[in-house]
Amino acid sequence: MSPSSAQPTPRFRADLLVGLAIVGGALLAYSNTFGVPFLFDDNSSIRDNPTIRNITTAWWPPATGGQTVSGRPFLNITLALNYAVSGTAVWSYHLLNLLIHAAAGCTLFGIVRRTLLRPRLAARFGRDATWLAAAVALLWTLHPLQTESVTYIIQRAESLVSLLYLLTLWCFIRSVEPGAAGGWAWRAWAACLLGMAAKEVMVTAPVLIALYDRIFVAGSWREVWARRGRFHLALAATWLLLAWLVLSTGSRGGTAGFGGEISPGIYALTQVGAVVHYLKLAFWPQPLVFDYGTVLAGGWGDVWWQALLLLPLGVASLWAAWRGRAVGYLGFFFFAVLAPSSSFVPVVTQTMNEHRVYLALAAVVTLAVVGLYAAWGRKSLGVFAVVAVALGAATVQRNHAYRTELALWEDTVVKRPANIRALAALAAIHQEAGRLEEARTLLLEAVRLAPASVEMRNNLGNAWMKAGNWAEATRWFEQALVLQPAEPYVLNNLGNALLQNGRTAEAIPRFEAALRVKPDFAEPRFNLANALAQTGRPAEALTHYEVYVRKNPDDSEARSNYAATLQMTRRFDEAVTQLEYAVKLSPSDSELQNNLGAALAQAGRPAEALKHFAEAVRLRPGFTEARANAARAARQVPR
């Protein structure tokens, strides 16, 4: 090999430069996100997700409850890796989110460049293929519409599946290039399989790979089947994994699929407006909103002008794709990627969401870049550079809204003042911080906007409970039950309010009603046991304590209350057993140490009791009751 042949080729140097620009641009645009805390669904899917504590259990994420990780084991595995590195410290989660996003941008660059260099496009775009692909990748990577999928940690689901989607396409393109190694086809299949285990968006990947083959490689469906029929069948076989994962979650805990409160027709109409809004944000990303709520279209009259715009675009995309036009592939790509969440299959948690357009944005950006280049030639490259800088600055600004939960929900409420879920979320933050008046004001507005909402009245009742106003709390809980008499959570809350107000006899039937509706609901069972014990019905209370403790063995307070009721019925040895377990759970709790000592003394074991009284005094030197108990126990010890 001659010395000159060992030097990097100009194309390699250009690719390296573009890659560094994409990664560096992403780092700059998202440099202010590493301290963004866990937000909203991050808590259930990361902080409170026990399966990510171990790599082995991470393959089996929670299948119920509708968490973001449900039915998405590969997503869960990536979170487990973060947990192994930093626990619940957020920096490593943000770092991996950013790396996934940058990798997706680099993969998109590779796809666009190689596509523009294919025979049917090379004559027109081949000369500047590298710089056009760089413009597409940079504009897509730096676009502020992507912030939700990068900065909101659990929406890694969207960026991760998009990376795998793009890798599947990229590996396929590499596999059909002259002289390509056979391993590229297997890599495409592996990326597709992992994508199916990351998010349901991947369902359309086998279709879009086959369409790419038809338009840019084979030239006809007959040639696609003749040359690579088995490969496309293998890609389609990955649907089996996705089908099993979807079925195992029961329609994602009832948050998606048919048979819910939202009809497919109304949801589809709502998506007409949503998709047009996404297109608008692609070209003018203002305002960006974290949570759009669950506003539904009432009929065609609400979305008529969006339908007049969108339906011709959809039909034109299908026609052009069928005719084998390159522009048709971009249009079909846009609609196909959005289809799993933005068609007629209802997603009840939110009817519109910016992270859904993460990957679909690639088609819009590619069409805009190639179209402007076709019209202006190389003069357009300078325009793309200016736009990329502007988009990066807008992303930095957008990420500033994520700095705290309070800031994010305040931003959401300003932009969507009629979003009752945003009002409730902001109220919860104020309530947790002790700003009770602010919380109640927000919840009253939510009730005004949604007078039939049981949840908002229940939340308002909880706000009054936090303020210690049991009468007002009771009033709001009772209003909620008028709307939905058998709501177990409201029944339990009403029982609590009555209990706190000294109306124990009235509280008991509420707890019992909650358990009739939801027998496995732990909180009302514990509350009922406490109320029965207070009203002199220890035998009934013991039945409920026993059930509760069996299902919640690590609740030391419950074991202590259970023991106190056992002592009321003179079952001292059983009381000792419960308190010994409670002390193991909370050895530094002086009250538990004292209670165990008292139970041991009642059971005729004063010498053992003295040890626990002494420990209680050590933990709390001013604990006069424990000192008195110790003195009595000392007199009982045989001389």
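Taken together, the values in this text are just the output of simple stated rules run on the coordinates, not laboratory data. Please read all numbers here as calculations on a predicted model, not as lab measurements. Cβ: placed from backbone, ideal geometry, glycine included. Neighbour counts: every protein chain shown.
Overview of results
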read-out	value
With Cα atoms, 0 to 90° folded angle of helix 420-432 axis to the chain main axis	50
Mean Cβ count within 10 Å, highest first, over the residues of peptides 387-400, 518-531	518-531, 387-400
Three principal axis lengths of segment 330-382 [C-alpha, angstrom, descending]	46, 19, 12
Rounded Å value of the spacing that divides the Cα centres of segment 422-470 and segment 156-212	46
Shape category assigned to the chain from the gyration tensor of Cα positions, a/c cut at 1.5	prolate
Segments 140-151, 557-568 sorted - mean Cβ within 10 Å per residue, highest first	140-151, 557-568
Exposure proxy order (Cβ contacts within 10 Å, fewest to most) of S453, S45	S453, S45
Shape of segment 427-515, Cα gyration tensor, a/c cut at 1.5	oblate
For peptides 465-476, 106-117, sequence by mean Cβ density within 10 Å, most packed first	106-117, 465-476
Between helix 264-283 and the chain: long-axis angle, C-alpha atoms, 0 to 90°, nearest 10	60
Cα-based helix-to-principal-axis angle, 73-86 vs the chain, degrees rounded to 10	70
Cα gyration tensor, segment 84-192 - rounded (a/c under 1.5), prolate or oblate	oblate
Two-decimal Rg to Rh for segment 270-382 - Kirkwood Rh, Cα set	1.00
Diffusion coefficient, µm² s⁻¹, Stokes-Einstein with Kirkwood Rh over alpha-carbon pairs of segment 567-639 at 4 °C and 1.567 mPa s	109
Aspartates and glutamates with Cα under 18 Å of K199, excluding same-chain neighbours fewer than 8 positions away	D41, D42, E148, E158, E354
Nearby lysines by direct alpha-carbon distance to K415 (threshold 24 angstrom, same-chain neighbours under 8 apart not counted)	K280
Taking T504, T130, T56 and counting other C-beta atoms within 10 Å, the order from fewest to most	T56, T504, T130
C-alpha center-to-center spacing [segment 79-123, segment 364-407] in angstrom	18
